[in-house]
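Since the structure comes first, as structure tokens, the remarks are kept for the end.
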Amino acid sequence: MSLVRRLVSTVGDDHVLTDAALCMGFTTDWTGRYRGHARFVVRPADREQVAEVLRLCRDEGVGVVPQGGNTGLVGGGIAHHGEVLLSLTRLDALGEVDGASRQVTAGAGVTLAALRAHAAGSGLDFAVDIASRDSATVGGMVATNAGGLRVLRWGSMREQVAGVEAVLADGRVVGTLSGLDKDSTGYDLAGLLTGSEGTLAVITAVRLRLIPAFACRATATLAFASTSDAVAAVAALRALPSLTSAEVFYDDGARLVCAHRKVPPPFAVAHPVYLLVECADDTDPTEALGAAVEGLSGVLDSALAVDEPSRRALWTLREGHADAVNSLGTPLKLDVGVPPAAAAEFEREVRSIVTTGTLVLFGHLAEGNFHVNVVGAGTDEDRITEAVLRAAAAHGGTISAEHGIGVAKSPWLHLTRSPAERALYTAIKHAFDPTSLLNPGVLTPRVAPPGKRVAPPGK
């Protein structure tokens, strides 16, 4: 029996896609920059089906690329060489919220928006929030150690994971969803799988920590003459226990969003740098935030949201950047991070590096995390990529702050990981997936399954 017939008998005829037109939505990333080719798209419904699909593909020596909501930006969830693409969006079960532990179990295919709505029903929330909340899935967010808008207060996905259930390439199930806060019985499997980008095992469910759903928020946009002034403001505002977000964007990006969304600018007079800050608490933090802002130096203007519509208007100017950039064309997107103290110098360096195309910068200033977007650089993209990544590494930063390595940044992993560390990555990969079936070529060099050969890049 052929592989496709065996896959159909496992997941059902409607959930094995072979037609190229039907597969296109799974083999093209959100930006349109990465376009791959999948042998099939397979959509299992549960852990057992995932395990059987992996066993069948292992027996045939066919690689498998796990995919969540396909919101990644580095090509890590795209089948590039005719692998089977394993879409996990049907694993969307949500367990009851455990009020005693403030935890919940979520299937890998649960979207962030669905998770937060589910938690809200019990007066709770999920700590990590990202702009792609309606599409991004829990499994993908764990696999890339997603960060987002509220890392300043609660950390990235790794800090929210209390347990992981996953399936190895040979179909064996590993992990636990017990969610114990204390467990010192050896290696931290959940911690290892977080950020592994689908290269070690396929995550099928996650036990997640929840946070209080605060009743009150205070949001403000502050204007500055320079990034260094904004960095100093964030340092001062950290004294507020309720501070949740500190997002930076610039006048060129604000103008682009305003034109794309047809919304007014934040102020009557334009300023070089904008810092969006938000506080959340059980009591109204507006007065505390206002007093803190009054004590800041370098503030050229400020806008404080007085109700939910004005709050959303302020957030639109920041969250609207990605769509606005995409409206210009397919962007080069580089997610990088530097120590916050180096953020101002790094911003200046990026502007000096990008001499072709249109540059739009924004990001999470409290973490020194910049999203570098360049549209229209053409053949200069490779030079820009290498120069920006080298600049981040030179500051003791990272070439990927929250989007992972994928295929886009694999050639530059050596900038921030030593030969010994990269050798350890390869050894760990071999221990989990000795025939290199899972997401081949991501994080570690691509190795052909037995009896196969590695196709040249781009083939």
Worksheet item: Can you list the helices (runs of 4 or more DSSP H) found entirely within the range 102-163 that contain at least 2 residues being under 15 Å from the mean Cα position of the chain (by Cα) and farther than 16 Å from residue 401 by Cβ?
Response: 112-120, 138-143
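Quick test for you: out of 302, 310, 327, 297, pick the one residue that is surrounded by fewer than 20 Cβ atoms within 10 Å (Cβ to Cβ), under 23 Å from residue 35 (Cα atoms) and not β-branched (Val, Ile, Thr).
Exactly one residue qualifies, and that residue is 327.
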Item to complete: Could you identify the single residue in 306, 350 that is of a type outside the set (Lys, Arg) and not in a loop (DSSP other than H, G, I, E, B)?
Response: 350
Fill in: Positions within the range 110-160 being among the hydroxyl-bearing types (Ser, Thr, Tyr), more than 20 Å from residue 95 (Cα to Cα) and surrounded by 24 or more Cβ atoms within 10 Å (Cβ to Cβ), in sequence order
144
Worksheet item: Could you give every pair whose Cβ atoms fall below 8 Å, whose first residue belongs to the range 201-227 and is within 18 Å of residue 128 (Cα to Cα) and in contact (Cβ under 8 Å) with a residue 60 or more places away in the chain, and whose second residue is of a type in the set (Lys, Arg) and not in a strand (DSSP E or B), counting only separations of at least 6 or pairs across chains?
Response: 205/47; 209/102; 210/102; 211/102; 217/311; 219/311
Practice prompt. Identify, by number, the condition in (1) closer than 22 Å to residue 348 by Cβ; (2) surrounded by fewer than 19 Cβ atoms within 10 Å (Cβ to Cβ) that residue 274 doesn't meet.
Written response: (2)
Worksheet entry | Tally of residues being exposed (fewer than 12 other Cβ atoms within 10 Å of the Cβ) and acidic (Asp, Glu) across the range 161-191 | 1
Discussion item. Quick check on residue 32: is it within 23 Å of the chain's Cα centre (by Cα) and in the same structural domain as residue 77 (by TED's automatic domain parsing)?
Written reply: yes
Response to the item:
Pairs returned, first residue in the range 88-109 that is within 14 Å of residue 211 (Cβ to Cβ), second residue that is surrounded by fewer than 18 Cβ atoms within 10 Å (Cβ to Cβ) and of a type in the set (S, T, N, Q), beta-carbon separation under 6 angstrom, 6 or more apart or interchain, are 97/122
Item to complete: Identify all residues within the range 277-287 that are buried (at least 16 other Cβ atoms within 10 Å of the Cβ) and of a type in the set (D, E, K, R); write none if there are none.
Response: 278, 281
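Farther than 21 Å from residue 326 by Cα, over 24 Å from the mean Cα position of the chain (by Cα) and without any contact (Cβ under 8 Å) to a residue 60 or more places away in the chain, is that true of residue 240? Break it down into steps so the answer makes sense when it comes.
On the way: farther than 21 Å from residue 326 by Cα: yes; over 24 Å from the mean Cα position of the chain (by Cα): yes; without any contact (Cβ under 8 Å) to a residue 60 or more places away in the chain: yes.
Against the criterion (farther than 21 Å from residue 326 by Cα, over 24 Å from the mean Cα position of the chain (by Cα) and without any contact (Cβ under 8 Å) to a residue 60 or more places away in the chain), residue 240 qualifies.
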Discussion item. Tell me yes or no: at least one residue of the range 424-442 is under 27 Å from residue 327 (Cβ atoms), free of Cβ contacts under 8 Å to residues at least 60 places away in the same chain and either assigned by TED's automatic domain parsing to the domain that holds residue 359 or in contact with a Ser or Thr (Cβ under 8 Å, 6 or more places away or on another chain) (or both).
Written reply: no
Worksheet, complete the sentence: With the first residue restricted to the range 61-82 and required to be touching a residue at least 12 places away in the same chain (Cβ under 8 Å) and basic (Lys, Arg), and the second required to be buried (at least 24 other Cβ atoms within 10 Å of the Cβ) and part of a loop (DSSP other than H, G, I, E, B), Cβ contacts under 8 Å at 6 or more apart or on different chains are none
Worksheet item: Scanning for something outside any helix (DSSP H, G or I) and either assigned by TED's automatic domain parsing to the domain that holds residue 195 or touching a residue at least 40 places away in the same chain (Cβ under 8 Å) (or both), does the range 9-27 turn up at least one residue?
Response: no
Discussion item. Looking at the range 46-57, can you tell me whether even one residue there is in contact with a helix residue (DSSP H, G or I) (Cβ under 7 Å, 6 or more places away or on another chain), surrounded by fewer than 21 Cβ atoms within 10 Å (Cβ to Cβ) and part of a strand (DSSP E or B)?
Written reply: no
Worksheet, complete the sentence: Inside the range 65-101, the number of residues satisfying the requirement of being aliphatic (A, V, I, L, M), under 18 Å from the mean Cα position of the chain (by Cα) and in a strand (DSSP E or B) is 1
Worksheet item: Which condition number in (1) under 30 Å from residue 69 (Cβ atoms); (2) within 24 Å of the chain's Cα centre (by Cα); (3) small (Gly, Ala, Ser) is the one that residue 341 fails?
Response: (1)
Worksheet, complete the sentence: Residue set 394, 408; condition modelled with pLDDT under 95 and among the hydrophobic types (A, V, I, L, M, F, W, C); output residue 408
Practice prompt. Scan 200, 149, 180 and give me the residue that is under 30 Å from residue 317 (Cα atoms) and of a type outside the set (D, E, K, R).
Written response: 149
Fill in: Wholly enclosed strands (runs of 3 or more DSSP E) of the range 175-292 bearing at least 3 residues of a type in the set (Ser, Thr, Tyr)
243-250
Worksheet item: Can you spot a residue in the range 283-295 that is under 30 Å from residue 385 (Cβ atoms) and of a type in the set (A, V, I, L, M)?
Response: no
Worksheet item: Which condition breaks for residue 270 when tested against (1) over 30 Å from residue 211 (Cβ atoms); (2) modelled with pLDDT under 95; (3) not aromatic (Phe, Trp, Tyr)?
Response: (2)
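The values are calculated or read from the model by the stated rules, or taken from the named source; none is laboratory data. This one's a predicted model, so the numbers in the text were calculated from it and none came from an experiment. FYI the Cβ positions are ideal-geometry reconstructions off the backbone, even for glycines, and counts take in every protein chain you see.
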